[in-house]
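Participant: Sharing a structure below in C-alpha cells format, with a few things to ask.
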Amino acid sequence: MADPTTQSAQISCAMNASSTKESTYYVMELVYWRDPKKSAVAFGMSLLVLLSLATFSVISVVSYMLLALLCVTITFRVYKSVIQAVQKSEEGHPFKALMEKDLTVQPEILRKYVDVCLTYVNLAITQARHLLLVEDLVDSLKASR
C-alpha cells in the first residue's frame, strides 16, 4: 500500500488550486477580522456550537441546528411567496439556483478519499493488534499508562 502522506498529497494536488487559494483568502479575512461583522458572526456561531457540544450530545446539537435551518428556510419561502402574491410578480422559487446546483460526488474523488481512509484504518488496526496482543511487552506497557 502507498504511504498515507503520499496519497494525501496526490489528492490535494488533484483539487483545484484556485479554489484552495480562494478559500484560504476567505479564512484569513475572518481570522484577521478585516470585516468585523462577518468575523463576529462566524466566531460567535463557532462558540455557540462548541458550548452546545459541551452541554448536549452531538445528535441533539445537529438535529436542533437542522431544525433551526428548516424553520428559517420555510419562513423565507413563505415570506417570498407572500411578497410575490402582493406584488403580483412571477419570480419563481427563492431557492431555485441552489436546487439546480449539481451536488453529486464524483466516484473517482470518493475512491481517492476512501483509499486514504482505508490506509489509516489498516495502520490503526495493525497498531492495535501489536499493542493488545502484546507483540512487544514494553510497547504494550507504555500504552497502558
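Participant: Would region 121-129 turn up any residue that is open to solvent by 90 Å² or more (accessible area, probe 1.4 Å), at pLDDT 95 or above and not polar (S, T, N, Q)?
Facilitator: Within region 121-129, one or more residues are open to solvent by 90 Å² or more (accessible area, probe 1.4 Å), at pLDDT 95 or above and not polar (S, T, N, Q).
For (1) modelled with pLDDT of 90 or more; (2) outside the structural domain of Asn122 (by the TED database); (3) assigned to a helix (DSSP H, G or I); (4) more than 30 Å from Ala124 (Cα to Cα), each residue gets a yes or a no:
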{"site": "Lys21", "(1), (2), (3), (4)": "no, yes, yes, yes"}
{"site": "Tyr26", "(1), (2), (3), (4)": "no, yes, yes, yes"}
{"site": "Ser46", "(1), (2), (3), (4)": "yes, yes, yes, yes"}
{"site": "Met65", "(1), (2), (3), (4)": "yes, yes, yes, yes"}
{"site": "Leu69", "(1), (2), (3), (4)": "yes, yes, yes, yes"}
{"site": "Thr73", "(1), (2), (3), (4)": "yes, yes, yes, yes"}
{"site": "Val78", "(1), (2), (3), (4)": "yes, yes, yes, yes"}
{"site": "Ser81", "(1), (2), (3), (4)": "yes, yes, yes, yes"}
{"site": "His93", "(1), (2), (3), (4)": "no, yes, no, yes"}
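Participant: Which residues, taken from region 104-134, are free of Cβ contacts under 8 Å to residues at least 12 places away in the same chain, part of a helix (DSSP H, G or I) and either in contact with a Ser or Thr (Cβ under 9 Å, 6 or more places away or on another chain) or not β-branched (Val, Ile, Thr) (or both)?
Facilitator: Pro107, Glu108, Leu110, Arg111, Cys117, Leu118, Ala124, Gln127, Ala128, Arg129, His130, Leu132
Participant: Starting from region 16-37, keep only residues that are open to solvent by 100 Å² or more (accessible area, probe 1.4 Å), then list their pairs with residues that are modelled with pLDDT of 90 or more whose Cβ atoms are within a distance under 6 Å, requiring at least 6 positions of separation or different chains.
Facilitator: Trp33/Ser39
The values are calculated or read from the model by the stated rules, or taken from the named source; none is laboratory data. Just so it is clear, the model here is predicted, and its values are computed rather than measured. Cβ coordinates were reconstructed from backbone atoms using ideal geometry, including for glycine residues, and neighbour counts include every protein chain displayed. Just the protein is used for accessible areas: all its heavy atoms, side chains included, with ligands, DNA and RNA removed. Shrake-Rupley method; radii C 1.70, N 1.55, O 1.52, S 1.80 Å.
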